[in-house]
Amino acid sequence: MGHARVAGSGGATIRVAVSCSPRAGLAVEVQVDLPRDATLLEAIRRSGLLERFAEIDVSTQALGVWGRVSAPDTRLHEGDRVEIYRPLAMDPKEARRLRARKR
């Protein structure tokens, strides 16, 4: 697990986790210290994950906080968990149908 520190304005910072699974079998979470008024997108950019994983494209992938899809300009709070969601390989309903047929 990585850690990225960013100086805030006057020491007023929050710590959030930024997590993603850029590809199957790989999950990454990074702790980031940010200014108190930081946004979801700012946390992702400062986490270093975009540089580490070229497959992450925040312009097309859904983003969220604690399992809820959220806008990139969502303001964060101390202890939030920012998530970058990988596109689904298959529609969940279709996947259930295929599993049911195999049984």
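The values are calculated or read from the model by the stated rules, or taken from the named source; none is laboratory data. Being a predicted model, the structure only gives us computed values, none of them experimental. When we count neighbours, we look across all protein chains shown, and the Cβ atoms used for this are built from the backbone with ideal geometry, even at glycine.
Of all the criteria given as (1) in a strand (DSSP E or B); (2) exposed (fewer than 13 other Cβ atoms within 10 Å of the Cβ), the one not satisfied by residue 28 is (2). The single condition among (1) loosely packed, with under 14 Cβ neighbours inside 10 Å; (2) basic (Lys, Arg); (3) modelled with pLDDT of 90 or more that residue 5 does not satisfy is (3). Here residue 81 meets each of (1) farther than 13 Å from residue 19 by Cβ; (2) surrounded by fewer than 16 Cβ atoms within 10 Å (Cβ to Cβ); (3) touching a Ser or Thr at 6+ places or on another chain (Cβ under 8 Å) with one exception, condition (1). Checked against (1) within 20 Å of residue 23 (Cβ to Cβ); (2) aliphatic (A, V, I, L, M); (3) surrounded by 14 or more Cβ atoms within 10 Å (Cβ to Cβ), residue 76 passes all but condition (1).
Give 70, 47 a once-over and let me know the one that is surrounded by 14 or more Cβ atoms within 10 Å (Cβ to Cβ), of a type in the set (Gly, Ala, Ser) and under 17 Å from residue 21 (Cβ atoms).
On the way: 70 fails: under 17 Å from residue 21 (Cβ atoms).
Unique residue meeting the criteria: 47.
Checking each residue in the range 50-67 for being touching a Lys or Arg at 6+ places or on another chain (Cβ under 7 Å) and either aromatic (Phe, Trp, Tyr) or under 12 Å from residue 17 (Cβ atoms) (or both) picks out 65, 66. Within the range 84-103, being surrounded by 13 or more Cβ atoms within 10 Å (Cβ to Cβ) and outside any strand (DSSP E or B) holds for 85, 86.
Given the condition out of contact with any strand residue (DSSP E or B) (no Cβ under 8 Å at 6 or more places or on another chain), in a loop (DSSP other than H, G, I, E, B) and modelled with pLDDT under 95, answer yes or no: does some residue in the range 33-43 qualify? Scanning the range 33-43 turns up no residue that is out of contact with any strand residue (DSSP E or B) (no Cβ under 8 Å at 6 or more places or on another chain), in a loop (DSSP other than H, G, I, E, B) and modelled with pLDDT under 95. All of (1) in contact with a Gly (Cβ under 9 Å, 6 or more places away or on another chain); (2) modelled with pLDDT under 95 hold for residue 11 with one exception: (1). Scanning the range 50-65 for residues that are surrounded by 11 or more Cβ atoms within 10 Å (Cβ to Cβ) and not charged (D, E, K, R) yields 50, 53, 56, 58, 61, 62, 63, 64, 65.
Checking 73, 57 one by one, the residue that is at pLDDT below 95, in a loop (DSSP other than H, G, I, E, B) and of a type in the set (Asp, Glu) is 57 and no other.
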